[in-house]
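Notes follow once the structure below has been shown.
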Amino acid sequence: MPRFSQLVVKTWHAWLILWGVAFVISMTMAPRFSDHITPGEFDFLPSDAQSLQAEAFFRKAFEKDLLRSLVIVNLRRTSRDEGLTSADQFSEEDRDRKSDFDFIEYDLKPRLEQILEKHAELSAKAEGAEDAHVSAGEVSTFTDTLLGQLLVSDDRKASMVLVELPNDFLDARNGSIIAEIEHLIFEDREFRRIMPPGLDISISGTATVGRDMNVEAALSAKATESVTIILVILMLVVIYRAPILALLPLLTVFIVLKIALAILATLASWNVIGLFDSLDIYVTVVTYGAGIDYCLFLIARCREELEAGQKYSDAIANAVSHTLFPLVGSAGTSIIGIGMMIFTEHRKFQQAGIGISVGLFVALIASVTLAPALLKLCGRWAYWPNIPQEIPGKSPGWLARSSLLNRFLESRVNDKIWNGIAAAISHRPATLWFSFFFAMIPFALIAVYFYNDLSYGLLSELPKNSRSVIGTKAVQDHFAAGRLGPCNILLHNEDLNFLQQDQVDLVKKLSDSLFAEREKLGIIDLFSSAYPLGMTPGGLAKQESLEKTDLTRVGLVAARRAAIRARVMKQYVGKKLPLAEHVTRIDVVFSQDPFRSGSIEQLDATIKELQRILPDFLPGQTEVYALGPTASIRDMKLVTDLDQVRVNVLVMLGVYLILILILRKPAISVYLLATVFFSYLVTLGFTTVVFWFLDPTEFAGLDWKVRMFVFTILIAIGEDYNIFLVSRIDEERHQSSPVKGILRALVRTGSIISSCGVIMAGTFCSLMAGSLLGMQQLGFALAFGVLLDTFIVRPILVPCYLVLLERGTFGRYSRLMGATATERVSPVAELEPEVPAPPPSEEPKT
């Protein structure tokens, strides 16, 4: 260690040049991080997920691809009881007035089709396609033969226009199309002039939600980075009262972050790893918090060495030597703990584990090479206005001591506070431990009770003033929530030909049996080749009218029936060989929002019921596939639940092994791990209570990503502080008794660890600057959890337990639990040597 520290100090010029070159390369030659982001939400599921297999099977059987994304233009009129106006409702004197339905069909629909054709041509030309006239999708209105009656609400006050887009709902290419649709609807004066007065128009759909998610994520990333930098600067200036010294950690971590993101972008460009859209936010926040902490420990130890009378260069070298092992252990714990996410199946967690670990590794290297080099470069001026003298051992050692702030600080109020805490722990360790434990246990129980109540909704993350949220609310005022995302069930049977009428009759009986259980299963409508317009009374009536025979126009009716049947078969029976007619499709509309966890239970119950009754209606072996939003959400829940169990075991095991390696105390390491896990549960419960209290009616649970990230980050970061404390305890024990060493280590590390915890919590708070609810929940949980570890777990629960252990409170088991001595010493005797001696007086004695 001394050799390495001396090498760093002697070759500080080389380290500055090396890091400078790396920074320039990262800024000029590395690929852009944003150019290699993979869009989507469900595409990060493992390839063997049931919903992804169902989508692949669908593409093998049907010619038309799934609607990857959809824009819904919702038009409604709530000012009249009859709802939307139609031409046949107008009197003779109003025959020139444009009705709502005429406006939809003859004005809105053509303009939307023009927008799709324009962007299809642009896309085709950009891809170098010879045929630039390729349709980007379809526009469906109330006049559609099959979907038409479904697009008008039962109260006739609202009608949807469906705009099909060819891209995934989170694809950035949808943004320009949606922007043009919004311009047409909300800003085009000529178009709005022909719009019937009093007609309300809003926009929603999966594509609109995805566009809003992308916009808010970009805004959140910018806000997070800006707020992080501002908060860190303010906190560092307050802690150190030295602006240059405050900027050194910030400059170090800024360089680290740019290099880390460049490394990740380069690896992504080589197809070694993938990147999701918010990964840079997580890497930024965790790297800033941890990197600043590492630099703070180095600077604090350097300051101790200066106050002990060391020369400036020797102080830096000694600081590196004394902090290198704890920093490696701390960063190693975080890297291994967070890196365990690479063993998850959900690829977002895998990428987060890799990305954050890379950031932490670069921050560790910089904290023991770049940070000391910057301290050496700035010299004693780094501490301006409190500049240490070259040999401060013979004098107070700091200039500018006459300020009111410095006089307050030199009154050693901070030491008195930590001495008071140490005294309380020495006198009543058991009372303190149980008091804090029982105060925290209710929140831990809340976390356990609501552990699986998570929100998988996309809309719940967006601000309530987002256009997609407003539009979806308008749609749900008139249509069932499940209509926005029906579940598609595919039936594959090699023994049947679902194009034949007798097989359609079998599907009819199957549909009747399933719909008969609609109340138990939560089904509000069902569509199949036998019921293409649904099984509600309105759908059945519409289907009956289409099939009704007109004796005066038998030939025309027969042709119309044939055309309708052909379209129905194309919609609900496979077309591609070899599957083709052996596959049929049933669409189920549930009462629950497809992105709510309740819809998962409805889907599971429906699949179970379907598998039970299938042998009664379809001979042979029938395979069942489910796809759609609810099926994807179900797979996400299954995958993330298994990932959570896997990560819980791996992180706890990995961190425990690191603790044993560093501390060499297996029994105490178990307790340290238990405290941070308990802190994690308390944090999860408290966060649940807070966000429920803020919105009790709409709160559906914490965002599904919060549980995983809070666990991995808090377990790893929480143990960092425990490692620093216990490492200092071992150092102090060589100069005093075990209990005295515990109390002395608490006092001497209290300020610096608390400062690090506050800065780490501040960086996590920056996540709350964004508008995405999931980010806000994560930022709050991480900040609260770090503060809980900093001010409760590390200074109370850990020292109280260690003091009880060293005093032999657990009797003959104390040794097995890690005690180093079992002699009972009076609390007063233990505490007396703990109070640090006052500094030498600046006035000469007379």
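The values are calculated or read from the model by the stated rules, or taken from the named source; none is laboratory data. Every value quoted in this text rests on a predicted model; they were computed, and no experiment measured them. Here Cβ is always computed from backbone atoms with ideal geometry, including for glycine, and neighbour counts include all displayed protein chains. The protein model used for the area step is the full one, side chains on, heavy atoms only, and it has no ligands, DNA or RNA in it. Shrake-Rupley method; radii C 1.70, N 1.55, O 1.52, S 1.80 Å.
Observations on the structure shown:
- Among the listed pairs 311/740; 60/608; 348/520; 118/576; 64/222; 125/705, those beyond 32 Å (Cα-Cα): 348/520; 64/222; 125/705
- The chain - Debye-derived log10 I(q)/I(0), Cα point model, q = 0.06, 0.09, 0.11 Å⁻¹: -0.52, -0.95, -1.23
- Peptide packing for 768-774, 26-32, 796-802 was compared via the average number of neighbouring C-beta atoms within 10 Å per residue; ordered from the highest value, the list is 796-802, 768-774, 26-32.
- Degrees between helix 109-126 axis and first principal axis of the chain (Cα, 0 to 90, nearest 10): 60 degrees
- Value of D in µm² per second that Stokes-Einstein yields for segment 404-545, Kirkwood Rh from Cα pairs, at 4 °C (1.567 mPa s): 57 µm²/s
- Shape descriptor for segment 501-645: Rg over Rh equals 1.04 (Cα atoms; Rh from the Kirkwood inverse mean 1/r).
- A dipole drawn for the chain from +1 and -1 charges on Cβ atoms has a positive end, and of 90, 762, 449 the residue lying farthest that way is 762.
- Between helix 312-339 and the chain: long-axis angle, C-alpha atoms, 0 to 90°, nearest 10: 30 degrees
- Restricted to Cα atoms, segment 177-254 shows a radius of gyration and a Dmax of 22.7, 66 angstrom.
- Just the protein heavy atoms count here, and of the accessible area of the chain at 1.4 Å, carbon and sulfur take up 59 percent.
- Cα centroid of segment 741-794 to Cα centroid of segment 418-491, whole Å: 19 Å
- Cα centroid separation - segment 2-46 against segment 324-354, whole Å: 17 Å
- Total formal charge among the other residues, if their Cβ is under 11 angstrom from that of residue 638, Lys/Arg +1 and Asp/Glu -1: -3
- Per-peptide packing, taken as the mean over residues of other Cβ atoms within 10 Å, places 567-579, 721-733, 781-793 in the sequence 781-793, 721-733, 567-579 from highest down.
- Measuring nothing but alpha carbons in segment 569-658 and taking Rh as the Kirkwood radius, the Rg to Rh ratio lands at 1.16.
- Over the chain, relative contact order from alpha-carbon pairs under 8 Å, at least 6 apart, %: 18 percent
- Cα point-scatterer Debye curve for segment 609-745, base-10 log of I(q)/I(0) at q = 0.18 Å⁻¹: -1.05
- For segment 659-818, the fraction of C-alpha pairs farther apart than 28 angstrom is 28 percent.
- Of the residues 166, 264, 652, the one whose Cα sits farthest towards the positive end of the charge dipole of the chain is 652 (charges of +1 on Lys and Arg Cβ, -1 on Asp and Glu Cβ, taken about the Cα centre).
- Accessible area expressed per residue, segment 546-703, with surrounding protein chains retained (probe 1.4 Å, Å²): 47 Å²
- Cα-centre dipole for the chain with unit charges at Cβ (Lys and Arg positive, Asp and Glu negative), debye to 20: 3140 debye
- Computed accessible area, residue 707, all protein chains, 1.4 angstrom probe, square angstrom: 10 Å²
- Largest-first ellipsoid semi-axes for segment 284-394, taking √(5λ) over the Cα gyration tensor eigenvalues, angstrom: 35, 12, 9
- Spacing of the two label points (7 Å from each Cα toward its C-beta) at residue 699 and residue 415, in nm: 4.5 nm
- Sorting 289-296, 448-455, 686-693 by average packing, meaning the other beta carbons within 10 Å per residue, from highest down gives 289-296, 686-693, 448-455.
- Helix 537-547 vs. the chain, principal-axis angle (Cα, 0 to 90°, nearest 10): 40 degrees
- Charged side chains reduced to their Cβ positions (Lys and Arg at +1, Asp and Glu at -1) give segment 173-216 a dipole of some 100 debye around its Cα centre.
- Among 231, 489, 299 - extreme Cα towards positive end, dipole of the chain, charges at beta-carbon: 299
- Candidate residues 582, 13: accessible-area rank, largest first, probe 1.4 Å: 13, 582
- Estimated 222 nm signal from helices in the chain, with DSSP H stretches of n ≥ 4 weighted -39500 (n - 2.57), rounded to 500: -20000 deg cm²/dmol
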